[in-house]
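Chemist: Below: one structure in structure tokens.
The values are calculated or read from the model by the stated rules, or taken from the named source; none is laboratory data. Model, not experiment: these values are computed from the prediction. Ideal geometry is used to build each Cβ from the backbone, glycine not excepted, and the neighbour counts take in all protein chains shown.
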Amino acid sequence: MAAKDIIAGVPRHVAIIMDGNGRWATSRGWPRLVGHRRGAEAVRGIVEAAPGLGIRYLTLYAFSTENWKRSTEEVIGLMTIFARYIQSEAQRLSDEGVRLRFIGGRERLDRKLQKLMAGIERRTSGNDLLHLTVAINYGGRDELMRAARRLAEEVAAGRLDPGAIDEAAFAARLDTSDLPDPDLVIRTSGETRISNFLLWQSAYTEYEFTDTLWPDFTPAELAAILARYQRRERRFGGALTA
């Protein structure tokens, strides 16, 4: 694809830091988990709208490596919501041509949840309308560390020449090895930080920060953000064109 086509077109890969569920609930006097449940409902609307907006790849930041610091009640509640989402959405995602995959370390997750994740990945592996990736127990630094460890192990085993390690070799060891880098990252809730999300992949990504809390984020707002993106000039380190 030509650079001009990328500049003029809708982003092929959109990643979203879904933030503000807890604040959405507490501002209404409700438990934080109510906000997380409403956040899961918002995911459905965005996933349904994405293909019609021209998005081919959608990556959602659901639970970071740092989120284990939250209360035990909230963590258990979140894991329950993840499991219920997979169970309730499996048939719909499969029927609608959505391929669902997960990134992040799975070893710390409940075995039942790991099994559900692997099952829906297999079930939707042949779908191609929308590639939906959900980051659970994911952290950009953790991902980079794991990739570096894989390279070191391959070198130590004699399977890889250190001189052959380049950007492509490193990227091939990342969780996102079969995904294009994100064109656009959106963060909801008014926070303006990237929170350890897709650090390597976002080197030339465009960012959009919105004050909207995630449960209130709608396909209409997503469409408006995409329209603004289309007016940006992406230069990838080059000079501004006339």
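Chemist: Just for the stretch 165-205: of the residues that are of a type in the set (D, E, K, R), within 16 Å of the chain's Cα centre (by Cα) and surrounded by fewer than 18 Cβ atoms within 10 Å (Cβ to Cβ), which one is farthest from ARG12 (Cα to Cα)?
Modeler: The initial filter retains those residues of the stretch 165-205 that are of a type in the set (D, E, K, R), namely 166-167, 173, 175, 178, 181, 183, 187, 191, 193.
Next, from what is left, pick out any that are within 16 Å of the chain's Cα centre (by Cα): 175, 178, 181, 183, 187, 193.
Adding the requirement that they be surrounded by fewer than 18 Cβ atoms within 10 Å (Cβ to Cβ) leaves 178, 181, 193.
Values: ASP178: 14, ASP181: 9, ARG193: 22 Å.
Per the criteria, the residue is ARG193.
Chemist: So which residues in the stretch 183-212 are under 20 Å from GLY39 (Cβ atoms), touching a residue at least 40 places away in the same chain (Cβ under 8 Å) and part of a loop (DSSP other than H, G, I, E, B)?
Modeler: THR188, SER189, GLY190, GLU191, ILE194, SER195, ASN196, PHE197, LEU198, THR212 - these are the residues of the stretch 183-212 that are under 20 Å from GLY39 (Cβ atoms), touching a residue at least 40 places away in the same chain (Cβ under 8 Å) and part of a loop (DSSP other than H, G, I, E, B).
Chemist: Out of curiosity, is ALA83 in contact with a helix residue (DSSP H, G or I) (Cβ under 6 Å, 6 or more places away or on another chain) and over 29 Å from LEU226 (Cα atoms)? Write out each step before concluding.
Modeler: Details: in contact with a helix residue (DSSP H, G or I) (Cβ under 6 Å, 6 or more places away or on another chain): yes; over 29 Å from LEU226 (Cα atoms): yes.
Taking the combined requirement at face value, the residue satisfies it.
Chemist: Under 8 Å by Cβ, and 6 or more places apart or on different chains, what pairs join a residue from the stretch 105-124 that is touching a residue at least 24 places away in the same chain (Cβ under 8 Å) with one that is of a type in the set (Asp, Glu) and part of a helix (DSSP H, G or I)?
Modeler: What qualifies is GLY105/ASP142.
Chemist: Search the stretch 95-129 for residues being among the aliphatic types (A, V, I, L, M) and touching a strand residue (DSSP E or B) at 6+ places or on another chain (Cβ under 8 Å), and hand back the single one that is farthest from ARG44 (Cα to Cα). Outline the logic, then answer.
Modeler: If we filter the stretch 95-129 for residues that are among the aliphatic types (A, V, I, L, M), which is where we start, we get 98, 100, 103, 109, 113, 116-118, 120, 129.
Filter once more, so that each one left must be touching a strand residue (DSSP E or B) at 6+ places or on another chain (Cβ under 8 Å): 98, 100, 103, 109, 117, 120, 129.
Values: VAL98: 12, LEU100: 13, ILE103: 19, LEU109: 23, MET117: 17, ILE120: 16, LEU129: 15 Å.
Among those residues, the one meeting the criterion is LEU109.
Residue-by-condition table, conditions (1) in contact with a Lys or Arg (Cβ under 9 Å, 6 or more places away or on another chain); (2) surrounded by 16 or more Cβ atoms within 10 Å (Cβ to Cβ); (3) touching a residue at least 60 places away in the same chain (Cβ under 8 Å):
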residue: HIS13; (1), (2), (3): yes, yes, yes
residue: ILE16; (1), (2), (3): yes, yes, yes
residue: GLY35; (1), (2), (3): yes, yes, yes
residue: ILE55; (1), (2), (3): yes, yes, yes
residue: LEU58; (1), (2), (3): no, yes, yes
residue: ALA62; (1), (2), (3): no, yes, yes
residue: GLU66; (1), (2), (3): no, no, yes
residue: THR80; (1), (2), (3): no, no, no
residue: GLU89; (1), (2), (3): yes, yes, no
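Chemist: Follow-up. Say whether the condition of being surrounded by 14 or more Cβ atoms within 10 Å (Cβ to Cβ), at pLDDT 95 or above and part of a loop (DSSP other than H, G, I, E, B) is met by at least one residue in the stretch 142-158.
Modeler: Scanning the stretch 142-158 turns up no residue that is surrounded by 14 or more Cβ atoms within 10 Å (Cβ to Cβ), at pLDDT 95 or above and part of a loop (DSSP other than H, G, I, E, B).
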